[in-house]
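One structure is given here, and the rest of the page talks about it.
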Amino acid sequence: MIRPTILFIGLRYLTAQRANPFAALVGWASVAGVALGVAALIIVLSVMNGFENELRERLLGMTGHARVLPDGDKPLSWEAMLDDLRRHPGVVAAAPYVELQGMLGSGPELAPAVISGVDPASEALLSGLDGQMLAGSLDSLLPGSRALVLGRSLALALGVGPGDPLRVMVPFREPGGRVESRLREFTVAGIFEVGLRDHDSVRALVHISDAAALAGLDTPFNGIQLIVQDVFAAPRTIAEWQSGWAARGGGVPRISDWTVDNATYFRAVRIERVMMTLLLSLIVAVAAFNIVATLVMMVTDRRPGIAILRTLGFSRRAVVGIFALQGLLIGWAGVLAGVGLGVLVALRVDTLAPQLERWFGFEFMPADVYYLTTLPAELKGTDVGWVAVIALALTALATLYPASRAAAVAPAEVLRYE
């Protein structure tokens with residue numbers, strides 16, 4: 001517990017006029033350094049949170065939160081599974097689909113593609129893809145129409161637009177085991193752009209019945225994708241359904257969810273987040289060294305005063321407390337200022353970023369390079385708390401050496417020459 005005398009003397013030493021003005025300058029620089037480091041960490045973590053959320057929304061925009069997949073050549077009751085999934089607690093929507101690997105061709109141009117057969121009504125419910133259409137609409141995907149909707153990058157690679165014919169070739173396995181290819185001509189009915197290369201450059205949508213016919217399926221579909229109430233509970237929800245379905249004798253279909261399908265993306269985001277945190281923490285560490293320099297100069301200036309305090313009966317522990325208190329006050333002032341600045345900027349990134357672009361004449365997110373044209377940000381209280389705790393711990397450690405040096409001052413040696 002800090003005694004009133006120690007608090008009074010510590011504040012007196014911190015605010016009194018010093019003989020060495022450079023020490024005061026370094027002290028203010030320490031406060032500013034801690035504040036800038038804390039603010040930078042909060043802002044960067046908020047922007048990284050925003051990028052992660054934006055990435056998750058775009059990745060899940062066409063694939064749903066979880067999927068039920070065929071397990072080898074085992075026959076499955078797809079219609080019964082679809083009805084059961086729609087009734088399962090936590091499932092908002094479920095839709096059938098057919099997914100094929102194939103080649104698309106237009107003139108001399110060829111490109112690999114993932115061909116997804118969808119039910120347009122269910123697809124709009126699952127993904128909201130209607131809002132991402134640049135031309136045409138999903139309503140043009142009618143049974144037997146052989147209409148096809150392409151991602152923007154895929155359409156550019158093939159040099160096609162709405163109304164153009166397109167060759168579609170997919171492999172299939174004959175009953176005898178021989179692999180053949182099936183070639184059909186489709187018509188481009190629309191172009192979409194969701195802002196992710198994995199969708200815009202490889203994915204093509206057709207009606208689910210056209211895809212089943214193209215693949216030669218015996219069933220109307222070979223997969224189910226679903227949306228759940230809580231996206232983070234998707235692995236648990238689909239696993240619970242699988243266990244219940246197997247217990248009712250329906251077999252054990254293969255399942256997957258967004259955390260498995262997109263693990264690489266989110267692992268990369270987490271690694272970037274950790275590295276940015278470590279790099280920006282160096283700013284706080286440098287500021288902590290400034291606190292060490294400030295307190296060392298303060299100890300040098302106050303050697304006579306320390307000697308007098310010791311002769312008056314102050315213990316070494318009390319002297320350590322006086323100078324540790326000064327370092328903590330400097331650190332806390334910087335942390336509080338940094339938290340305030342970081343929270344303010346993180347909450348107003350969407351308005352501050354355009355203003356900075358106008359002032360300095362550059363773009364944070366050029367439209368010709370990035371799909372995102374604005375800086376997304378999401379402020380989390382846990383991030384603010386951890387940043388503040390880490391910064392306070394670093395500044396507290398910075399006080400140990402100067403405070404112990406102050407306690408080691410020998411009163412007799414100092415006062416001998418006074």
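Which one of these does Ala239 not meet: (1) farther than 27 Å from Ala135 by Cα; (2) of a type outside the set (Ser, Thr, Tyr); (3) over 32 Å from the mean Cα position of the chain (by Cα)?
Evaluating Ala239 over (1) farther than 27 Å from Ala135 by Cα; (2) of a type outside the set (Ser, Thr, Tyr); (3) over 32 Å from the mean Cα position of the chain (by Cα) leaves (3) as the failure.
Here is a list of conditions, (1) in a helix (DSSP H, G or I); (2) surrounded by 15 or more Cβ atoms within 10 Å (Cβ to Cβ); (3) at pLDDT 80 or above, and Glu378 meets all of them except one; can you say which number that is?
Every condition holds for Glu378 apart from (1).
Give Glu185, Glu240 a once-over and let me know the one that is surrounded by fewer than 20 Cβ atoms within 10 Å (Cβ to Cβ), among the charged types (D, E, K, R) and either touching a Ser or Thr at 6+ places or on another chain (Cβ under 8 Å) or not in a helix (DSSP H, G or I) (or both).
Numbers: Glu240 fails: either touching a Ser or Thr at 6+ places or on another chain (Cβ under 8 Å) or not in a helix (DSSP H, G or I) (or both).
Unique residue meeting the criteria: Glu185.
Which condition number in (1) of a type outside the set (Ser, Thr, Tyr); (2) modelled with pLDDT under 85; (3) surrounded by fewer than 22 Cβ atoms within 10 Å (Cβ to Cβ) is the one that Arg152 fails?
If we test Arg152 against (1) of a type outside the set (Ser, Thr, Tyr); (2) modelled with pLDDT under 85; (3) surrounded by fewer than 22 Cβ atoms within 10 Å (Cβ to Cβ), just (2) comes out false.
Check the range 153-160 and report whether any residue there is within 18 Å of His65 (Cα to Cα) and not hydrophobic (A, V, I, L, M, F, W, C). Talk me through it step by step, then tell me what you get.
Taking the range 153-160 first, the residues within 18 Å of His65 (Cα to Cα) are none.
So far as the range 153-160 goes, no, none of its residues is within 18 Å of His65 (Cα to Cα) and not hydrophobic (A, V, I, L, M, F, W, C).
Looking at the range 37-69, which of its residues are modelled with pLDDT of 85 or more and assigned to a loop (DSSP other than H, G, I, E, B)?
His65
Being under 17 Å from Leu82 (Cα atoms), without any contact (Cβ under 8 Å) to a residue 40 or more places away in the chain and of a type in the set (A, V, I, L, M) narrows it down to one residue among Ala268, Ala239, Ala213; which is it? Before the answer, list the steps.
Values: Ala268 fails: under 17 Å from Leu82 (Cα atoms); Ala213 fails: under 17 Å from Leu82 (Cα atoms).
Just one listed residue meets the conditions, Ala239.
Determine if the range 400-407 includes at least one residue that is over 22 Å from Gly33 (Cβ atoms), modelled with pLDDT of 75 or more and assigned by TED's automatic domain parsing to the domain that holds Ala32. Lay out the reasoning, then the answer.
Here is the first cut: in the range 400-407, the ones over 22 Å from Gly33 (Cβ atoms) are 404, 406-407.
Right, trim to modelled with pLDDT of 75 or more and you get none.
Checked against the condition, which is being over 22 Å from Gly33 (Cβ atoms), modelled with pLDDT of 75 or more and assigned by TED's automatic domain parsing to the domain that holds Ala32, the range 400-407 yields no hits at all.
Yes/no per residue for (1) buried (at least 20 other Cβ atoms within 10 Å of the Cβ); (2) part of a helix (DSSP H, G or I):
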| residue | (1), (2) |
| --- | --- |
| Phe221 | yes, no |
| Gly251 | no, no |
| Val260 | no, yes |
| Arg267 | no, yes |
| Ala287 | yes, yes |
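The values are calculated or read from the model by the stated rules, or taken from the named source; none is laboratory data. Small disclaimer: the values here were computed from a predicted structure and weren't measured. Note: ideal-geometry Cβ built from the backbone for every residue, glycine included; neighbour counts use all protein chains shown.
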